[in-house]
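Take a look at the structure below.
The values are calculated or read from the model by the stated rules, or taken from the named source; none is laboratory data. On a predicted model such as this, the values are computed, not experimentally measured, just so you know. Glycine also receives a Cβ, built like all others from the backbone with ideal geometry; neighbour counts cover every protein chain displayed. The accessibility values were calculated without ligands, DNA or RNA, using every heavy atom of the protein model including side chains. Shrake-Rupley method; radii C 1.70, N 1.55, O 1.52, S 1.80 Å.
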Amino acid sequence: TDMTLSPEATTINLNATEQLSLTFTPSNATNQNVTWSSDNDAIVSVNQSGLITGVSLGSTTITVISEEGSILRTCDVIVQNISSSVSGVTLNTNYHLMKTAESFVLMANVEPADATEQGVIWSSDDETIAIVSATGEITTLKQGVVNIKATTIDGGFEASCRVTVLNININKLQFISSKASGGLRLSASDGTTNPILNAAPYPTSSNAKWKITPTNDGAFYIDNQATTANRLSAIASTDSNAEMVSDAETADRAKWYIKYEQSQNGVDYYFIECKANFDKMQLYKKSNTEAGMRTFGANDGGRWFFEEDMDVLSTDDLDLTSNQIILKNRNITVTIAKSYSSANVAIYNLNGKIIVSKKMTSNEMNIRLDNSNTGLYIILLSVDGQQQIKKIMLK
């Protein structure tokens, strides 16, 4: 009977393991029991299956002896601190959507997985929008777009995540309105024409409601709720029109970047820009009846604001529900068409501050808002424990 040990010499990394292989001849030898040992367990340890582990730097010999004691084989082992260089880095996501004052943890995957130096350095290219901690935790500070980058300590490899910070309710029905004169609301008609604009009284039907949906590349689809061709899209590089297309359209012309631009009187305004590399890439008020495309312009024609699908009253508009709340020329008339035990009207600004709170003593109350700033406000009407919420816009 004979036995062969493989390998007879090897070099392993510190804390690494390697399996030594023992072969008997003949392979069906009756007694194949052996004993493994290390000349220096402080450098290399070995278990009774022949698995060795580098414990500390140095060299030693592993010995295996047959149970009969007649055969002895050895393997010389050197333990080194062998460095495995970094070849790249990836992140758990390259695009992420957040609101202000939110947190999210990015994770960096250094390649290869057994690289000796796994550390990365995190950075933000605009710390006024979002900051990132040493462990990859992002904290958003204000609306905007920021790139969060991980750079490997070994090799300087980089990976980044585009973070879009928007205070818009995503995946919920929205009204989209222009800041340009006339206060026009974006709508779709029959799904085969250009998107249209409507003046007050604003439509609240499905063709005026839009859903903002993130894509997987940092942009958004803007889909209408009423029409067959229900996805907003640009047409071509030089075309000044926008159009409605099928929601099966996923090309860049049907994807949009929504970029925060400014806040005025508690209202956030945004630019809406096509992801396609078109000359005419900005959605704007083309006329009093139509939205179209143009080269970028930083004026009210290209500024839009979003409102969640609630009944929204604007100056000179009538309420849509039972004439309970009417706004006309900065005068709010609240009418309750039934008897009640208690009722109260409260008006809040968008920062949550109460600017008016009055108890109703009859079925009708008038409230003047002559000294209030222009912008959006919220009215809370409480009648016998039931509440109705309205948004109003003062101009």
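Residue count for the range 377-390 satisfying the condition of being over 12 Å from Val334 (Cβ atoms), at pLDDT below 80 and in a strand (DSSP E or B): 3. Which of the residues that make up the range 98-136 are under 12 Å from the mean Cα position of the chain (by Cα) and either surrounded by fewer than 18 Cβ atoms within 10 Å (Cβ to Cβ) or part of a loop (DSSP other than H, G, I, E, B) (or both)? Once the filter is applied, which keeps residues that are under 12 Å from the mean Cα position of the chain (by Cα) and either surrounded by fewer than 18 Cβ atoms within 10 Å (Cβ to Cβ) or part of a loop (DSSP other than H, G, I, E, B) (or both), the range 98-136 yields Lys99, Thr100, Glu102, Ser103, Val105, Leu106.
One line per residue, one yes/no per condition, for (1) open to solvent by less than 40 Å² (accessible area, probe 1.4 Å); (2) at pLDDT below 95; (3) not small (Gly, Ala, Ser):
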site	(1), (2), (3)
Asn277	no, yes, yes
Gln282	yes, no, yes
Thr289	no, yes, yes
Gly302	yes, no, no
Asp311	no, yes, yes
Asp317	yes, yes, yes
Asn323	no, yes, yes
Ile336	yes, yes, yes
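Look through the range 137-150, keep the residues that are open to solvent by less than 30 Å² (accessible area, probe 1.4 Å) and either of a type in the set (Asp, Glu) or assigned to a strand (DSSP E or B) (or both), and return whichever of them is farthest from Thr164 (Cα to Cα). Ranking the candidates gives Ala150 first. Checking every residue in the range 84-92 against the condition of being within 30 Å of Leu141 (Cα to Cα), touching a residue at least 60 places away in the same chain (Cβ under 8 Å) and buried (at least 17 other Cβ atoms within 10 Å of the Cβ) gives at least one match.
In the range 167-193, of all residues being of a type in the set (A, V, I, L, M), surrounded by fewer than 21 Cβ atoms within 10 Å (Cβ to Cβ) and more than 23 Å from Val145 (Cβ to Cβ), the one that is modelled with the lowest pLDDT corresponds to Leu173. Tell me the strands (runs of 3 or more DSSP E) entirely within the range 1-83 that contain at least 2 residues that are open to solvent by less than 50 Å² (accessible area, probe 1.4 Å). Correct list: 2-6, 9-13, 21-25, 34-38, 44-46, 51-54, 58-66, 72-80.
The set of residues in the range 227-274 being part of a loop (DSSP other than H, G, I, E, B) and either in contact with a Leu (Cβ under 8 Å, 6 or more places away or on another chain) or within 30 Å of Asn349 (Cβ to Cβ) (or both) consists of Asn265, Gly266. Note on the range 340-368: residues that are in a loop (DSSP other than H, G, I, E, B), of a type in the set (Ser, Thr, Tyr) and in contact (Cβ under 8 Å) with a residue 12 or more places away in the chain total 3. Scanning the range 217-237 for residues that are open to solvent by 40 Å² or more (accessible area, probe 1.4 Å) and either modelled with pLDDT of 90 or more or of a type in the set (Lys, Arg) (or both) yields one hit, Ile235.
Looking across the range 84-97, the residues that are outside any strand (DSSP E or B) and touching a Cys at 6+ places or on another chain (Cβ under 8 Å) come down to Thr93, Asn94.
Quick check, is Asn349 surrounded by fewer than 17 Cβ atoms within 10 Å (Cβ to Cβ) and either at pLDDT 80 or above or within 30 Å of Ile258 (Cα to Cα) (or both)?
Yes.
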